[in-house]
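The values are calculated or read from the model by the stated rules, or taken from the named source; none is laboratory data. On a predicted model such as this, the values are computed, not experimentally measured, just so you know. Because the Cβ atoms are built from the backbone with ideal geometry, glycine has one as well, and the counts that use them run over all protein chains shown. We work out accessible area using only protein heavy atoms, side chains counted, and drop any ligands, DNA or RNA first. Shrake-Rupley method; radii C 1.70, N 1.55, O 1.52, S 1.80 Å.
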Amino acid sequence: MNRTFLSDIRYGLRMLRARPGFTAAVVGILALGIGANSAVFSVVNAVILRPLPYTAAERIYELQGRRDTHTSWISAPDFLSWRNQTQAFEMMAAGSYDRWYVMTGVPVPEDVPSLGAGRELLPMLGVAPAIGRTFSDDDYRETAPRTVLISDKLWRRQFGGDRSVLGRTILLDGKPHQVIGVMPAEFQFPEARTQIWVPMTFSARSLARRDWPAFLVWGRTKPGVSKEQVEREAQFIAGSISRDFPDKHRKDWVLTSFRFEDKALENVRTILLVVLGAVGCVLLIACLNVASMLLARASERRKEMTIRAALGAGRVRLVRQVLTESLMLSTLGGSLGLVLAVWGRRALLALYSERSPLPRGEQARFDTAVLGFTLAVSVVCAIVFGIVPAILASRVDLAVGLKEGGRGMGRGGRAWGRSILIVAEMALSLVLLAGAGLMIRTVVGLMRVNPGFNPDRVLTMRLPLPTFRVPDRKKQPGYYAEILKQVESLPGVHSAALVSALPLSGWAVTMSFQKPLVTSTGKRHEFVSFRAVSPAYFRVMSIPMLMGRSFAETDTDGAPNVGIVNQAMAREFWPGENPVGKTLDADGGILIVGVAGDVHHSRLSEGPEPELFLPFMQGMGIGNSVLVVRAAGSDPAPLMGVVQRKIRQASADQPIEEAATLRKVVSESYSQPRFYMVLLTVFAALALALAAAGVYGVMAFSVSRREHEFGVRLAVGATARDLLRVVISHGAVWSLIGIALGVLGALAATRLIRTMLFGVQTADARTYAAVAAILFAVGLAACLVPARRAARVDPMVALRHE
């Protein structure tokens, strides 16, 4: 058997070398399909399939409180009550995730997100530092020196990966902390952005307040405990707590839980699975294309197979020979595909949002799982595109085959088989084209949305407040005012301002009313979102002031509380009235002095919501302020470095985060739809090219096999135009059938991306009509060259050759 198999390989190599053009075409098509799948799978494997690096990660749950539809963290007493009563969890741990530390004592001051880790947290997760040690019981003593664990990213970014970082002191909000360990690169708990972990214990104040939900809680269930059991226990304990402390919890308050790994992947699982499905369609089209080419080649090799059968080769041997050649082609395509996949993986990760990268995306690599996937795909592809040609090639009639010399293949069952391949390729291509078309219309629609401000020529950068430098809250506005003054003095700066949260940043702060505000429609409002802005903010952002005035330099601490509302708030609270001069029953009373234009602060796909603007210099919500700078010239980018240097001159410890142009911030706000759009468009274009090549190949082979028929037609009076019409109509009919089936498939498949669409429905007729027209035109164009070849057949040559 081994000797026979080696013989098959040697013979297959000779056959592939004898047709270098055919071999190169098949290998290239397979390399594109397999390479794209390997690239996507490497990311899917790292993000979704690879288990989270925690002990029994599938049994770790995040626990929350919930009232109505609003979720919340859990108070320290409620956590202790649950932990004391639990029968479902073998370990429970709490953490605090409520602050970012300004880190100094490092080359570049930085604002780093932290997690206060309860005593049980790291033991529950079962992850040890890559270097150094974890927290000990001594680290949790109130009088113990402050210690910190840092992430691998922070270690490499700030300390160059130097192992001597252990024992080094860094300043977090001005307080010394000793670095005792560096966590592994794959440890990203609870989010990828978390950079440092510090010991956390419950304060006496938190233990005394059951109505203060300030802590995150996780638990690892006992083996064999189901999600339903966890939910039942949560409901029972929540009811017990509510009965025991009715003054602290409303009756509709409940405890709830969900698997931690589900939450970690909730925003990316669907995205990557859609991408994997799309690239799988491309691979299937590639296989159908190669199958069509092998069917044509099998027809050409009919005489060869007949002779081999006449010399004693059995049908199994003939099938094995063809499958061996298919496997060799697929292996070559898979090997080249791995090379292409390296570039494809980088491109895939680069397409995703810079501000919110794929969780664990940087861990995507070509490990044994990816290599095994590529090998498996190569083998499956060899079977998919090789089995039918192999079976057909093995069906030989010695008498007929030797007499006909391999001809007579034009209109039989195999022609029908190749026509069905056209249908399948067209249908799959239309599914991808429809998805790409819908996402293109979504992104175009989002780009046309007026955000309510002018993002051109504006720079932005977040300036977290180093409170250890300015501990007095009353002096903090003055600290920012000095930075603002220094920036405004720079040449090339048209104007500059400060805002507590940038539009489209996804960040908002709310202010509660002393009494719920009831509108004319009877709707009750208990709070409203607000932003603190400096006087020049509306001018820098080009937000129109529709009524009243903007803030003045005199609107400082000690002056009367004033505010500006947006149009949405004016319409909601005072329909048909002028709100200027009204007073809001919040923060001791706020006099409305102006009405500003609406701004899309959450998403471009969502309408503006009621919002209040407050004077920055009155000290509201300024701890994480953003500087916005409008450049005097057309290009703000050269000004970026100049502004950053000026800020560092004014305050050496001032971190500068998320520096970007405002135009880029707007673009990032629809990064996920754009990610879908680019990938689906690339895959759709590739599928379209493969489908066109497939249609061309089938029609060209059909024409070559029907030369005698066309010669007879011409001899009896048919014109060249008649033959042109016969060939094109044949391709057109099968293309239309494929398009019709593709529409049905697309209507089902595009439901997966319906939540990403904006301004268009999954069954949008214009989109389907456009992509169907494009696909039909490409199909006709692919038929044109073979049709013209048929029209130029010389009847005398065709009949003489037959």
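Going down the table (LYS248/LYS475; LYS175/LYS474; LYS475/LYS664; LYS523/LYS582; LYS248/LYS474; LYS474/LYS523), which pairs top 26 Å between alpha carbons? Listed pairs above 26 Å: LYS248/LYS475; LYS475/LYS664; LYS248/LYS474; LYS474/LYS523. In nm, give the distance between the simple-model label positions of THR583 and ASP653, each being 7 Å from the Cα along the Cα-to-Cβ direction. The modelled label-to-label distance comes out at 4.1 nm.
Along the axis of the charge dipole computed for the chain (Cβ charges of +1 for Lys and Arg, -1 for Asp and Glu, origin at the Cα centre), the listed residues ILE543, PHE373, GLY181 are led at the positive end by PHE373. Modelled label positions at ILE391 and LEU276, each set 7 Å beyond Cα in the direction of Cβ, lie 2.9 nm from each other.
The calculated FRET efficiency for the pair GLU142 and LEU6, based on their C-beta separation and a Förster distance of 60 Å, comes to about 0.20.
Take every pair of alpha-carbon atoms less than 8 Å apart whose residues are at least six positions apart; their mean separation over the length of region 468-554 yields a relative contact order of 24 percent.
When the alpha carbon coordinates of region 18-129 are projected onto the principal axes, the ranges are 79, 46, 35 Å, largest first. Straightening the chain between THR556 and LYS646 buys 29.9 nm, computed as 0.36 nm per residue apart minus the Cα-Cα spacing. Amide hydrogen proximity for LYS582: with H placed 1.01 Å from N in the peptide plane, the residues at 5 or more positions away or on another chain lying under 5 Å are ILE592. Computed over the chain, relative contact order equals 17 percent, with contacts defined as Cα pairs under 8 Å that lie 6+ residues apart. With all protein chains in place and a 1.4 Å probe, the accessible surface of the chain carries 57 percent carbon and sulfur. Once the 1.4 Å probe is applied to the protein heavy atoms, the chain comes out at 45 Å² accessible per residue. Distant-in-sequence amide contacts of THR556, defined by a placed amide H-H separation under 5 Å and a gap of 5 or more residues or a different chain, comprise nothing. Over region 172-263, the hull volume per residue, using the convex hull of the C-alpha atoms, is 176 Å³. Around the amide H of ASP587, modelled in the peptide plane, lie the amide H atoms of GLN514, all under 5 Å away and 5 or more residues distant in sequence or on another chain. Of all DSSP bridge pairs formed entirely within the chain, close to 80 percent run antiparallel.
What the Cβ-Cβ distance of ALA128 and ARG99 gives, at R0 = 22 Å and to the nearest 0.05, is a FRET efficiency of 0.30. Projecting the Cα atoms of ILE592, ILE622, ASN566 onto the dipole axis of region 566-700, where Lys and Arg carry +1 and Asp and Glu carry -1 at the beta carbon, places ILE622 farthest toward the positive end. When you count the other C-beta atoms within 10 angstrom of each residue and take the mean per peptide, 463-474, 487-498 line up highest first as 487-498, 463-474. Extending 7 Å from the Cα toward the beta-carbon at both VAL108 and GLN178 defines two label points whose distance is 2.9 nm. Working note: Karplus 6.51/-1.76/1.60 with θ = phi - 60° gives region 280-295 the couplings x, 4, 4, 5, 5, 4, 4, 5, 5, 5, 5, 4, 4, 5, 5, 4 Hz, where Gly and Pro are set to x.
The spread of Cα positions in the chain, taken along each principal axis and listed from longest to shortest, comes to 106, 60, 55 Å.
Here the relative contact order of region 153-201, from alpha carbon pairs under 8 Å that lie six or more residues apart, stands at 27 percent. Rounded to 0.05, the FRET efficiency of the VAL518 and PHE258 pair, given R0 = 60 Å and the Cβ-Cβ distance, is 0.95. Post the alpha-carbon centroid distance, region 636-651 to region 595-620, in whole angstrom. Here the answer is 27 Å between Cα centres. Projecting the Cα atoms of TRP253, VAL388, SER651 onto the dipole axis of the chain, where Lys and Arg carry +1 and Asp and Glu carry -1 at the beta carbon, places VAL388 farthest toward the positive end. Rounded to the nearest 10 degrees, the inclination of helix 720-749 to the longest alpha-carbon principal axis of the chain is 30 degrees.
Put a plus charge on the Cβ of each Lys and Arg, a minus charge on the Cβ of each Asp and Glu, and nothing anywhere else: the dipole of the chain about its Cα centre is then about 3120 debye. 3J(HN,Hα) along region 427-432: 5, 5, 5, 5, 4, 5 Hz, from the Karplus curve 6.51 cos²θ - 1.76 cosθ + 1.60 with θ = phi - 60°, whole Hz, x for Gly and Pro.
For region 595-694, the C-alpha radius of gyration sits at 1.63 times the compact-globule guess of 2.2 N^0.38 Å, with N the residue count. Overall, region 681-802 carries a charge dipole of about 100 debye about its Cα centre when +1 sits on the Cβ of Lys and Arg and -1 on the Cβ of Asp and Glu, all other atoms neutral. Over all Cα atoms in region 531-603, the spread is summed up by Rg and Dmax: 12.1, 35 Å.
Derived scalar couplings between HN and Hα for region 578-595 equal 8, x, 4, x, 6, 10, 8, 7, 8, 6, x, x, 10, 7, 7, 10, x, 10 Hz in order, rounded to whole Hz, by the Karplus curve 6.51 cos²θ - 1.76 cosθ + 1.60 (θ = phi - 60°), x for Gly and Pro.
What you get for region 166-216, charging only the Cβ of Lys and Arg (+1) and of Asp and Glu (-1), is a dipole of about 220 debye around the Cα centre.
All alpha carbon pair distances within region 15-75 were sorted into 5 Å bins beginning at 0; the resulting P(r) in whole percents reads 3, 13, 10, 10, 9, 10, 9, 8, 6, 5, 5, 4, 3, 3, 1, 0.
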